[in-house]
Amino acid sequence: MARFSVSVVACLVVALIAGAEAFAPVTIINKSNLVPEGIEYNPRTGNLLLGSIGTGVIHEVTESGKFKVFSDDKSLTSTAGLQVDQERDYLFACNQEKIFPATSNRAGLAVLSLRDGSLVRYVDLSNLLGSTGKLLNDVSPPDSKGFVYVTDSLNGAIFQINPDTGDAVLYFQSEKLKPDDAAGVGANGIEVWREKGDTSNEFLIIAKSGLTTETAILYRLDLGLDRNEREIKVIEVDEKGVGYDGLFVVRSGSRTGTLYAVSSEKVYSFISADFKTATAGDVFELQSPQGTTAVYLSKDDALAVNCLNNFNSTTTFIDVLSLSTDALQNSSVSLSSSLVLVIASLVAALLF
């Protein structure tokens, strides 16, 4: 396994100011060329998993802030969206030869063992859509038949993959899912949901990135239909957001069915019975720059949000948002970035 040096690894900092719960980011400093896009929760270890646009290597972050390699398989070159399949003990990782610029068609989905990060299989998507450059951005949880779905943000495409066999097809493609503004990204985050657990009424929720409320759109795509019947439909929301990136639907507990959509500066929440329409809920403001994806931490009733820090090559953040205290309507006191870094450096010095 590859080894790396981290000059400072900042820990999880929880501050109490005037008796209020403060923002608690995990801060990672001086990990060269990390640039993580995807984040997931490893139920085996209780740690967070981070992909890497820069190197492809997937890392694990503990609650105390320790940082270690989870998988550095040679197939991983530039990883974006991550997804855990707890039932099959898999971790899925969107991978490509190079994300920026996304001019290569060489891309695929890595199926990794959640036990040790070893490669189970690599599903090569290079030949789908021919020689066109690809940007595989996100991967869904499995549907009721075990298929997962991957977004291609450049081509407005969605691929369907059987992770057990490696079979893959172009499931859907639309001009509506291609980039149409300066964001340069079309179909982005993707989720699978079903109405009240009914597998006969199963559908995808797809985020289209956009810099305005007109170009940032949430779509629904019903599953189980013949190819000529497939059609994306706009999810009508009463209050629109902008810059949608990663999506996450809570699957257990009191927040079951709540959809969280991450943007560069905020996390939006939406509530719906069928996701034909949706009602906007709380909005959460990120303390660190450039949020991309999120995962729900059920034991803390919180979201862990990966923040790219404007593609900084050495510093990235994970913001932990308490869903009960950090909404903009009832904001808790937050730490300044400089204070976080100072405390993180002191703790790191004591630990190492």
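The values are calculated or read from the model by the stated rules, or taken from the named source; none is laboratory data. Computed from a predicted model, the values in this text were never measured in an experiment. FYI the Cβ positions are ideal-geometry reconstructions off the backbone, even for glycines, and counts take in every protein chain you see. Accessible surface is based on the protein model in full, side chains and every heavy atom, while ligands, DNA and RNA are left aside. Shrake-Rupley method; radii C 1.70, N 1.55, O 1.52, S 1.80 Å.
Within the stretch 299-314, can you find the residues that are surrounded by fewer than 18 Cβ atoms within 10 Å (Cβ to Cβ) and modelled with pLDDT under 90?
299, 300, 310, 311, 312, 313, 314
Go through the residues of the stretch 102-122 one by one and say whether even a single one is modelled with pLDDT of 95 or more, out of contact with any His (no Cβ under 6 Å at 6 or more places or on another chain), under 23 Å from residue 320 (Cβ atoms) and surrounded by 19 or more Cβ atoms within 10 Å (Cβ to Cβ).
Among the residues of the stretch 102-122, at least one is modelled with pLDDT of 95 or more, out of contact with any His (no Cβ under 6 Å at 6 or more places or on another chain), under 23 Å from residue 320 (Cβ atoms) and surrounded by 19 or more Cβ atoms within 10 Å (Cβ to Cβ), which makes the answer yes.
Taking residue 228 as the residue in question, decide whether it is of a type outside the set (Ser, Thr, Tyr), open to solvent by 10 Å² or more (accessible area, probe 1.4 Å), touching a Lys or Arg at 6+ places or on another chain (Cβ under 8 Å) and at pLDDT below 95.
no
Would you mind telling me which numbered condition in (1) farther than 24 Å from residue 185 by Cα; (2) open to solvent by 10 Å² or more (accessible area, probe 1.4 Å) residue 233 fails?
(1)
Given the condition β-branched (Val, Ile, Thr) and touching a Gly at 6+ places or on another chain (Cβ under 6 Å), answer yes or no: does some residue in the stretch 140-162 qualify?
Start the filter on the stretch 140-162 by keeping residues that are β-branched (Val, Ile, Thr), which leaves 148, 150-151, 158, 161.
Adding the requirement that they be touching a Gly at 6+ places or on another chain (Cβ under 6 Å) leaves none.
Looking for residues that are β-branched (Val, Ile, Thr) and touching a Gly at 6+ places or on another chain (Cβ under 6 Å), one finds none in the stretch 140-162, hence no.
Looking only at the stretch 243-293, count every residue that is open to solvent by 20 Å² or more (accessible area, probe 1.4 Å) and aromatic (Phe, Trp, Tyr) and tell me the total.
The total comes to 2.
Report yes if some residue within the stretch 112-135 is under 24 Å from residue 217 (Cβ atoms) and assigned to a strand (DSSP E or B); otherwise report no.
No, that holds for no residue.
Name the residues in the stretch 272-282 that are at pLDDT 95 or above and among the aliphatic types (A, V, I, L, M), would you?
Answer for the stretch 272-282, where residues must be at pLDDT 95 or above and among the aliphatic types (A, V, I, L, M): 278, 280.
Just wondering, is there one or more residues in the stretch 158-172 that are surrounded by 18 or more Cβ atoms within 10 Å (Cβ to Cβ), part of a loop (DSSP other than H, G, I, E, B) and modelled with pLDDT under 95?
No: zero hits.
Hey, among 66, 98, 74, which residue is open to solvent by 30 Å² or more (accessible area, probe 1.4 Å), closer than 22 Å to residue 31 by Cβ and free of Cβ contacts under 8 Å to residues at least 12 places away in the same chain?
Details: 66 fails: free of Cβ contacts under 8 Å to residues at least 12 places away in the same chain; 98 fails: free of Cβ contacts under 8 Å to residues at least 12 places away in the same chain.
From the options 66, 98, 74, the qualifying one is 74.
Among the residues of the stretch 305-323, are any assigned to a strand (DSSP E or B), aromatic (Phe, Trp, Tyr) and more than 17 Å from residue 244 (Cβ to Cβ)?
The answer is yes; a qualifying residue exists.
From the set of residues in the stretch 175-195 that are open to solvent by less than 20 Å² (accessible area, probe 1.4 Å) and of a type outside the set (A, V, I, L, M, F, W, C), which is farthest from the chain's Cα centre (by Cα)?
186
I need a count of the residues in the stretch 136-152 that are assigned to a loop (DSSP other than H, G, I, E, B) and buried (at least 18 other Cβ atoms within 10 Å of the Cβ).
Here the count works out to 5.
When both residues are 6+ apart or on different chains and their Cβ atoms are under 7 Å apart, which pairs have a first residue that lies in the stretch 280-292 and is touching a residue at least 40 places away in the same chain (Cβ under 8 Å) and under 22 Å from residue 185 (Cβ atoms), and a second that is hydroxyl-bearing (Ser, Thr, Tyr) and open to solvent by 50 Å² or more (accessible area, probe 1.4 Å)?
291/264
Checking residue 132 against (1) open to solvent by 30 Å² or more (accessible area, probe 1.4 Å); (2) of a type in the set (Ser, Thr, Tyr); (3) over 20 Å from residue 102 (Cα atoms), which test does it fail?
Just one mismatch for residue 132, condition (3).
Taking the stated definitions as given, is residue 36 under 17 Å from the mean Cα position of the chain (by Cα) and surrounded by fewer than 17 Cβ atoms within 10 Å (Cβ to Cβ)? So that I can check it myself, show each step before the final result.
Details: under 17 Å from the mean Cα position of the chain (by Cα): yes; surrounded by fewer than 17 Cβ atoms within 10 Å (Cβ to Cβ): no.
Considered against the rule, which asks whether it is under 17 Å from the mean Cα position of the chain (by Cα) and surrounded by fewer than 17 Cβ atoms within 10 Å (Cβ to Cβ), residue 36 comes out as no.
Report yes if some residue within the stretch 78-94 is buried (at least 21 other Cβ atoms within 10 Å of the Cβ), more than 19 Å from residue 141 (Cβ to Cβ) and at pLDDT 95 or above; otherwise report no.
Yes, the stretch 78-94 has at least one match.
If I ask for residues that are open to solvent by less than 20 Å² (accessible area, probe 1.4 Å) and part of a loop (DSSP other than H, G, I, E, B), which ones from the stretch 196-220 would you list?
Result: 209, 210, 216.
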